[in-house]
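What follows is a single structure, written as structure tokens, with notes after it.
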Amino acid sequence: MKIIWTFTLLMIPGVVSSMSVTGYSGGVVNITCKSKKEYTANTKYFCKGKRPDNPKSKTNESDKWVQSGRFSLYDDRSSSVFTVIIRDLREEDSGTYQCAVDITTK
């Protein structure tokens, strides 16, 4: 029996959308985050919880997959979109996440 996990993405400064994502135990989720054009070159983060102080994955590279364990992040700067993939979903992955942009650097 597959267990369903839900991921909630919060709206935060520099990111212009929020959504709910559903995945299955052992499966994969693909999350797309849209950022504001003015933050295209800034570092992008994917964080669990309501504070971006412990990122699951981050990147400041354009058009290159960055992997951190089961988390992968891709920053497509030409479209101001960054994509997060979580593989091998587990119970502890369920919760609230943030797609974040570092607005202190350019």
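The values are calculated or read from the model by the stated rules, or taken from the named source; none is laboratory data. Source: prediction; values computed, not measured. All Cβ positions, glycine included, derive from the backbone under ideal geometry; neighbour counts span all protein chains shown. The protein model used for the area step is the full one, side chains on, heavy atoms only, and it has no ligands, DNA or RNA in it. Shrake-Rupley method; radii C 1.70, N 1.55, O 1.52, S 1.80 Å.
Going through the range 81-106 one residue at a time, which ones are on the phi > 0 side of the Ramachandran plot and at pLDDT 90 or above?
Matches in the range 81-106: 88 only.
Take the range 85-106 and flag every residue that is of a type in the set (A, V, I, L, M, F, W, C), touching a Pro at 6+ places or on another chain (Cβ under 9 Å) and open to solvent by less than 10 Å² (accessible area, probe 1.4 Å). Steps first, answer last, please.
From the range 85-106, those of a type in the set (A, V, I, L, M, F, W, C) are 85-86, 89, 99-101, 103; that's our starting set.
From what's left, touching a Pro at 6+ places or on another chain (Cβ under 9 Å): 100-101, 103.
Hit for the range 85-106 is 100, nothing else.
Return the residues of the range 10-56 that are at pLDDT 80 or above, outside any strand (DSSP E or B), open to solvent by less than 70 Å² (accessible area, probe 1.4 Å) and within 18 Å of residue 74 (Cα to Cα); say none if nothing qualifies.
Matches in the range 10-56: 39, 40, 41, 42, 43.
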